[in-house]
1. Give me the number: length gained by fully extending residue 40 to residue 255, i.e. 0.36 nm times residue separation minus the C-alpha to C-alpha distance, one decimal in nm.
2. Give me the net charge of residue 115's neighbourhood, meaning all other residues with Cβ under 11 Å from the Cβ of residue 115; Lys, Arg count +1, Asp, Glu -1.
3. At 4 °C and a viscosity of 1.567 mPa s, what translational diffusion coefficient does Stokes-Einstein give for the chain, taking Rh as the Kirkwood radius over Cα pairs? Give it in µm²/s as a whole number.
4. Beyond a 32 Å Cα-Cα separation, which of these cross-linked pairs lie in this structure: 150/236; 75/150; 75/238; 44/75; 75/230; 74/241?
5. Net charge around residue 200, counting only other residues with Cβ within less than 14 Å of its Cβ (Lys, Arg = +1; Asp, Glu = -1)?
6. Taking K and R as +1 and D and E as -1, what net charge do the other residues with C-beta under 14 Å from the C-beta of residue 179 add up to?
7. Can you list the aspartates and glutamates whose alpha carbon is less than 19 Å from that of residue 56, not counting same-chain residues fewer than 8 positions off?
8. Based on C-alpha coordinates, I'd like the Rg and Dmax of segment 48-97, in Å.
Amino acid sequence: MGSILEARNVEFEYLHGSPVLSDINFELFQGKNLGIVGESGSGKSTILRLLLGIRKPTDGEILFGGKNLSVADKKQAREFRAQVQVVFQDPYSSLDPRQRIDRLIAEPLVSLGLANSLGGNSRESRRRWIESQVEDSLRSVGLSTDSLKKYPAEFSGGQRQRVAIARAIVCNPKVLLADEPVSALDVTTRVQVIDLLKELGESRGQTIVMVSHDLAVVAALCDETIVLEKGAIVEKGKTSKVLGNPSQSYTRKLIESLPRLPH
Ligand SMILES: Nc1ncnc2c1ncn2[C@@H]1O[C@H](COP(=O)(O)OP(=O)(O)OP(=O)(O)O)[C@@H](O)[C@H]1O
Ligand SMILES: [Mg+2]
């Protein structure tokens, strides 16, 4: 089976900047969560921006379903946007505080026009379709439908991150990109959100790309891991091998220096 996403000989620099990523190659396969680890500034979030299509490689290609993202036509670009969603680190700033939870979660369905193509012909049937998708994804993240009319401020950090995840999965994406999604949470909540992400992978078939400083998070969730040093991949492979028996001294240092979850 082919990969869902692939980085092929990717080089990247920000405008007027020095190279941030060089010779990046990897593939993401359905059902195989991928972890990206590396020091601060090594380029982890930049890789996610490229995978999300909000930045274009300076050289090389990002392929989605085998097709180069940069040359995608409108229809392909829209399909891509529904298939690859993201959850960010900060559940406080990533949700618009003026909107109720039901509207926040429905937003991708509305902005991608999915209700028009999937929700039926009448306004009423589209409204009901959106409502059922939103309730579905809210339940998938373990929140009750009592939450629908509340505002983000009425939730704890962990619950807000669940809302952010519900919004990311409402259009049933194939891939969920997560940039330090649990590092703003306390340890107990962190474990719960990681369990949730793991479960979503299993129940909804979503494949996760997880950037985390916390190697225990990556070890718990990811089948494969990439180690980045100054924008280059220095090690990649099965997580158990990369983190359990690293071949590079950089990876060993990373393992020694980073915090771990108590077990
Ligand atoms: N918008 C930007 N414009 C210019 N340079 C940037 C921009 N974003 C990041 N950089 C630079 O690119 C490099 C990689 O940054 P990136 O944010 O991808 O690192 P990271 O691995 O996610 O770090 P952290 O763990 O601190 O989040 C850094 O040198 C950073 O200063
Ligand atoms: Mg980052």
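Bear in mind that the values in this text are calculations on the coordinates, not laboratory data. These figures come from a predicted structure and were not determined experimentally. Counting neighbours? That spans all protein chains shown, and the Cβs are built from the backbone with ideal geometry, glycine included.
1. 76.0 nm
2. So the environment of residue 115 carries a net charge of +3.
3. Diffusion coefficient, whole number: 68 µm²/s.
4. Exceeds cut-off: 150/236; 75/150; 75/238; 75/230; 74/241.
5. Residues near residue 200 contribute +2 overall.
6. Neighbourhood net charge equals 0.
7. Partners within reach: 6, 11, 13, 23, 27, 73, 79, 179.
8. Calculated on Cα positions, Rg and Dmax stand at 12.9, 39 Å.
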